[in-house]
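The structure appears right after this line, and notes come after that.
The values are calculated or read from the model by the stated rules, or taken from the named source; none is laboratory data. All of these numbers come straight from a predicted model, not from anything done at the bench. So basically every Cβ, Gly included, is an ideal-geometry build from the backbone, and we count neighbours across all protein chains shown.
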Amino acid sequence: MASVALEVRGLVARYGERTILDGVDLTVHRHEIRVILGGSGCGKSTLLKHCIGLNLPAAGTVRLLGAALEQLEGPARDALLIRTGVLFQNGALLGSLTVGENVALPLQEHTSLPAELIAELVRLKLAQVEMSHAEHLLPSEISGGMRKRAALARAMALDPEILFCDEPSAGLDPLTSAELDALLLRLRDRFGMAIVVVTHELASIEIISDRVTMLAAGKVLADGPLAEVRASSLPEIQAFFRRIAAGEMRREPSAWELLGGGGES
Amino acid sequence: MARELDWQVSGDEGRRTLAVAGVVDRAHTPRLAEQLLALLPGHGARLTLDLSQVEALDGSAVALLVHAWRESTRSGGQLVIGAASEAARRSLTLYRTREDPPAPPPPPGFLEGLGDLALSLPVAARDLAQLAADTTFALGRALGRPTRRRLGAAIEQAYHIGYRALPIVALICFLVGLTLAFQSAYQLQQFGAAIFVANLTAISVIREMGPLMTAILVAGRSGSAIAAEVATMKVAEEVDALQVMGLDAIEYLAVPRLLAILVTVPVLTVGADLVGVLGGFIVGTFYLDISPIAYLNQTLDSLGPKDLLTGLTKSVVFAWGIGLIGLYYGFRVRGGAAEVGRMTTASVVAAIFFIIVADCLFSVLFYIVL
């Protein structure tokens, strides 16, 4: 089994005239949790969409689990995507199905397991994210954090080889968030799952990340273990980790300064 | 290379051992399931699983083992793991489960559904009446002191509800006028009364078909749009956001739409009346060879102001009903995307039902009273 799970080379992404990603390289190995960092609007989510084939690159290549996703079609493409799990930012549970039915859906479609085994497996997957009690509720009847956990159970329904998580802990309480981190670590350790996490939560990054990739303005600013990236002297990186406000970093004058307040009259 | 799934059964009845080897993943679990479920220990019996040769065990295999354990425990048997490889242990410890999973809620029975429906009807009627009152007051207030922003919103809605609907309303009503004239011409010619095609077409288009067809088209085009838009806003918590910004959802969403629909539907109806009569005129002059002047005179003679008034009164009531029903179903939505679709469908069905019933009542009322 090849050890590289995801390989992105020179990825360029455009929405119309705007270039979102400009030559991004990213290599994620199995048995690795990769955290993608960056401020809002730096292209994190766009990168994720390209990795799972929702968007096609304007230039560059994406190889997912050893195959070039954009060159595949039909069943071959589906077969590759089945081996991939995705946790969307808002969960993206289907509103007309209960939580349990949402998790069962990929199992019913892609396996020949008998119904009672699917039911059992759904319960196991929901128990993993502490959602057993919500199996028969509709997504609209549970909270945002619970929706996210249920969505994670759905993403893991088919035991994927690579898991993409878009802001998994945003909107979760610290306890649930810690549970989630522990679960991601278990999945990595026991199954050698490759996990790509887009997140802002510094606390969680410290616990889970093997390597981090920092994006800024569509380019990779830094790539390496957290300690190494943190030690970088680049002002953007320092600002990110020390939580310096963007306005202060750009040295924009306040209205007071603009109007010459405090200066000589 | 991973080893294919393989198994061996040994031991006597009641004290069997099932030794599993190789990779058990979701492609192979169904095969193992057949074997394992056939071997399930009955009362007092025991089945020992030997997993020491298992190379990998995925979620589906864990589900199978848990399911088999539940089944055998229920029938008083014992299912235990004798030995397990590291891989099997890893998978089995990854998942947690309870001895008694929560049962699904029973599906509502027929009587229960009937009861729910009966209980929900008065609530629905009250909500609709409440909305009708709220919108009427808000409409009155808005007309009392119009602001530029509300007016802009109303004009934009009027453009979508009225102007954009013009071509399709005109085409449909032209064809209805044409059809009416053809159908009646065939009958009236037998009595040598072909000229009365003009009366029949004019009266039925202006009193009946013009308002009715226009209202049905607007219900399909705009009533549904109002319901879907408001419902989507409601689902996305936009309605709540308006509320906490101190903006009244009724005033902000309902008033411009109701105002627009109340103004444009009567105007559309007048347009529909004209092209409907034109349809009859074309049949009369080209097919029945009635002179254009004679046809027009006959048409004008047959019509009184009360005919137009009847039609327009109807169209205003229809417009009010379409708008209100669209808003009602939009605001009523709970939940997600599927509910938005259901409510939109329900709003169109309810609006068309309302139009037909109201039309029937009005037609009877106007012929008796006027």
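So if I check each of A:LEU183, A:LEU152, which one is more than 12 Å from chain B (Cβ to nearest Cβ), modelled with pLDDT under 90, within 17 Å of the chain's Cα centre (by Cα) and within 30 Å of B:TRP69 (Cβ to Cβ)? Please lay out each step first, then the result.
Numbers: A:LEU183 fails: more than 12 Å from chain B (Cβ to nearest Cβ).
Step by step, each of A:LEU183, A:LEU152 is checked, and only A:LEU152 is more than 12 Å from chain B (Cβ to nearest Cβ), modelled with pLDDT under 90, within 17 Å of the chain's Cα centre (by Cα) and within 30 Å of B:TRP69 (Cβ to Cβ).
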Which count do you get for residues in region A:8-56 that are among the basic types (Lys, Arg) and under 26 Å from A:GLN238 (Cα atoms)? 2
Quick one: is A:LEU72 farther than 25 Å from A:LEU187 by Cβ, surrounded by fewer than 17 Cβ atoms within 10 Å (Cβ to Cβ) and out of contact with any Phe, Trp or Tyr (no Cβ under 8 Å at 6 or more places or on another chain)? yes
Just give me the residues in region B:40-54 being surrounded by fewer than 17 Cβ atoms within 10 Å (Cβ to Cβ) and out of contact with any Ser or Thr (no Cβ under 7 Å at 6 or more places or on another chain), in sequence order. B:GLY44, B:ARG46
Kindly indicate whether any position in region A:123-136 is within 14 Å of chain B (Cβ to nearest Cβ), more than 30 Å from A:PRO225 (Cα to Cα), of a type in the set (Val, Ile, Thr) and buried (at least 22 other Cβ atoms within 10 Å of the Cβ). no
Filter region B:99-136 down to the residues that are loosely packed, with under 10 Cβ neighbours inside 10 Å and within 30 Å of B:VAL62 (Cα to Cα), then identify the one that is nearest to the other protein chains (Cβ to nearest Cβ). B:PRO105
Identify, please: which residue in region A:105-122 is crowded, with 20+ Cβ neighbours inside 10 Å and in contact (Cβ under 8 Å) with a residue 40 or more places away in the chain and is, among those, nearest to the other protein chains (Cβ to nearest Cβ)? A:THR111
So, in region B:66-93, of the ones that are within 22 Å of A:MET156 (Cα to Cα) and under 43 Å from the mean Cα position of the chain (by Cα), which residue ends up surrounded by the fewest Cβ atoms within 10 Å (Cβ to Cβ)? B:VAL66
Any chance region A:177-200 includes a residue that's without any contact (Cβ under 8 Å) to a residue 40 or more places away in the chain and of a type in the set (Val, Ile, Thr)? no
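Residues checked against (1) at pLDDT 90 or above; (2) over 30 Å from B:ALA19 (Cα atoms); (3) assigned to a helix (DSSP H, G or I); (4) not acidic (Asp, Glu):
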| residue | (1), (2), (3), (4) |
| --- | --- |
| B:ALA83 | no, no, no, yes |
| B:ALA88 | no, no, yes, yes |
| B:SER91 | no, no, yes, yes |
| B:HIS160 | yes, yes, yes, yes |
| B:ARG164 | yes, yes, yes, yes |
| B:ILE172 | yes, yes, yes, yes |
| B:LEU175 | yes, yes, yes, yes |
